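> Here's a structure for you.
The values are calculated or read from the model by the stated rules, or taken from the named source; none is laboratory data. Everything numeric here is computed off the predicted structure, so don't read it as measured data. No Cβ is skipped: glycine too gets one built from the backbone with ideal geometry, and neighbour counts run over all protein chains shown. All accessible areas refer to the heavy atoms of the entire protein, side chains included, with ligands and DNA or RNA removed. Shrake-Rupley method; radii C 1.70, N 1.55, O 1.52, S 1.80 Å.
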Amino acid sequence: MKNVYLWASSIVICCLVGCAGEPVQEGSAGEAVQRLATAEDIEHACSHAQSPTGGAYTNVSAVTSGTAPFLVEHGAYNVTLPGSGSSYAGKVAFEADEDAEHAFYTDPSVTITVKLGTTVLTPVWSTTLTAEECAGSSNTSLPDYGTDAALSYVKTYDLESGETYSVEFTNTSATLLVIPENLEE
C-alpha cells in the first residue's frame, strides 16, 4: 500500500511542477493542463502585430447577429465591435486548419468566448502579456489601442478542423487587435 501511495504522490507532484520541464497551468477543476503558448509562439504573434502583411491591419466589423466575418490564422485584424459608451461586444467566425491548440492574441486585454454552436468551449490557457514580452510597434500608421505592448493578452483553445467557431469579444472600447494562431505550426 505504501508503494502505491508513493507512486500516486509522484504523479501528482510531477503534474503540478511540470514533467520534463513542460510548463503547466492549473485548470479550473484542479487538473493540470499543458500550456503551449511558449515564448517563441508569443514572439511569432508579436511579429504579426508589429509588422502586419502590407503594413496595415485588416479592418473587420464584428456583428452581434447574422453572418460574422471570418478571421484566418496569422492575420492581424483591427476589429470594430458594435456597442456604445463603455460596453462593446461582437463576434467573428474562425475555422481551424487542423486539430490543434489555437491562440487568440489581443490588444488590449479583452474578454474572449469561443463557441461551437451554442456550446461554450473551455479555454486551455490564458495570460496577460507585457511590453517586455511583446513591445509596441514603431509603425505609426498602425492603430493605437492604448497600451505599451503590441499584444496584451492571449487565450488558447483546443479546436478541431472543419468546424466553424464563433469567437466573441467584449471590451470597454470599440476597437481591438486580434491575431489568431495555430500553436502547432
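> Wholly within segment 94-183, which strands (runs of 3 or more DSSP E) include no fewer than the required count, namely at least 2 residues that are among the hydrophobic types (A, V, I, L, M, F, W, C), closer than 13 Å to A49 by Cα and open to solvent by less than 30 Å² (accessible area, probe 1.4 Å)?
Qualifying strands (runs of 3 or more DSSP E): 175-182.
> Go through segment 143-156 and give me each residue that's touching a helix residue (DSSP H, G or I) at 6+ places or on another chain (Cβ under 8 Å) and under 15 Å from Y57 (Cβ atoms).
Once the filter is applied, which keeps residues that are touching a helix residue (DSSP H, G or I) at 6+ places or on another chain (Cβ under 8 Å) and under 15 Å from Y57 (Cβ atoms), segment 143-156 yields A150, L151.
> So is V12 surrounded by 13 or more Cβ atoms within 10 Å (Cβ to Cβ), modelled with pLDDT under 50 and out of contact with any helix residue (DSSP H, G or I) (no Cβ under 6 Å at 6 or more places or on another chain) or not?
In short, no.
> Starting from segment 63-76, take each residue that is within 23 Å of S51 (Cβ to Cβ) and list its partners that are among the acidic types (D, E) and open to solvent by less than 60 Å² (accessible area, probe 1.4 Å), counting only C-beta distances under 8 angstrom and pairs at least six apart or across chains.
E73/E181; H74/E181
> Do you know which of the residues in segment 131-152 that are among the polar types (S, T, N, Q) and modelled with pLDDT under 95 is nearest to the chain's Cα centre (by Cα)?
So the residue we want is T147.
> Suppose the filter is in contact with a helix residue (DSSP H, G or I) (Cβ under 8 Å, 6 or more places away or on another chain) and at pLDDT 95 or above; does D107 pass it?
Yes.
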